[in-house]
Amino acid sequence: MRIDPEKCIGCGSCKPYCTMWGGVMHFERDRKNPTRIFYVIDEDECVECSVCLRSGCCPVEALYQPPLEWPRIVRKNFSDPLKIHPETRIPGRGTEEMKTNEVTGRYRLGKYGMAFELGRPGAGARFYDVEKVARALSTLQVDFEENNPVTKLMVDRKKGLINPEVLNEKVLSAIVEFMAPVEKLPEVLEVLDRVSQEIDTVFSGDIISRVGRDGSVPYIKVLQDRNRFLSINGKSNVGLGRPLSALE
């Protein structure tokens, strides 16, 4: 995103709409007219979410979207909630975040799916941090989710390596998704504990599995034994979609 310095009147109406909490916008003085100020966007920090532009906040229409080339287009693919991700054909961050499991049946009894979310509004995430997580998880030979945009950027899934051309790109957030056997959960948590000390952004973890035949959630004790904060959310098929695979 850019601001036309010839049009900008320095009112600052755009700053409240910045998903980086206005941190990418700062004002400069006109060298020819020191009494005049205008805003500029730090393009290295901008995640290309387009929220400021879509808000229609600028009274003089100084905000504009220049053409985005590779690898910068990756920022928009991950950060603009209205952008259909070209690799997965899913809007937002390009993934359904395991929420369609009751229809797709990806996570069977004895296995769980996990998502490691990096970045949030006001912080964002760089892909070099995303790669640190993917590389750490790859040592456990987890199965990275195929229909996930981070996985699509990997050049070596066995090692968790992401295309080096995008490593410095910043996005609003990115999600690493994978599947593993339930018995591997302690190892996964240990690896995530270690790599969390190496990344420079906020993060959270999501986990999904089928409940046991007795109604129990198989991973609760593992998390509680490690003093993890756990917020249980239930989701079930209420007849709006027919399962595409057997439940077992």
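Those residues that are of a type in the set (Asp, Glu) and either touching a Phe, Trp or Tyr at 6+ places or on another chain (Cβ under 9 Å) or within 17 Å of residue 98 (Cβ to Cβ) (or both), I need them from the range 201-226; list them, please.
Within the range 201-226, just 206 meets the criteria.
Of all residues in the range 1-20, which are within 25 Å of residue 73 (Cα to Cα) and either touching a His at 6+ places or on another chain (Cβ under 9 Å) or exposed (fewer than 13 other Cβ atoms within 10 Å of the Cβ) (or both)?
Within the range 1-20, just 16 meets the criteria.
For residue 57, all conditions in the list (1) at pLDDT 90 or above; (2) farther than 30 Å from residue 217 by Cβ; (3) in a loop (DSSP other than H, G, I, E, B); (4) in the same structural domain as residue 177 (by TED's automatic domain parsing) hold save one; what is the number of the exception?
Status for residue 57: all satisfied but (4).
Do you know which of the residues in the range 147-182 that are part of a helix (DSSP H, G or I) and hydrophobic (A, V, I, L, M, F, W, C) is farthest from residue 21 (Cα to Cα)?
182
Could you tell me whether the range 186-199 includes any residue that is touching a helix residue (DSSP H, G or I) at 6+ places or on another chain (Cβ under 7 Å) and under 26 Å from residue 69 (Cα atoms)?
For the range 186-199, residues touching a helix residue (DSSP H, G or I) at 6+ places or on another chain (Cβ under 7 Å) and under 26 Å from residue 69 (Cα atoms): absent.
Of the conditions (1) surrounded by fewer than 16 Cβ atoms within 10 Å (Cβ to Cβ); (2) of a type outside the set (Phe, Trp, Tyr); (3) under 16 Å from residue 173 (Cα atoms), residue 30 clears all except one; give me its number.
The failed condition is (3).
Of (1) among the β-branched types (Val, Ile, Thr); (2) part of a loop (DSSP other than H, G, I, E, B); (3) under 27 Å from residue 39 (Cβ atoms), residue 88 satisfies all except one. Which?
(3)
The values are calculated or read from the model by the stated rules, or taken from the named source; none is laboratory data. The structure displayed is predicted, hence computed values, not measured ones. As a convention, Cβ positions derive from the backbone with ideal geometry for all residues, glycine included, and neighbour counts pool all protein chains shown.
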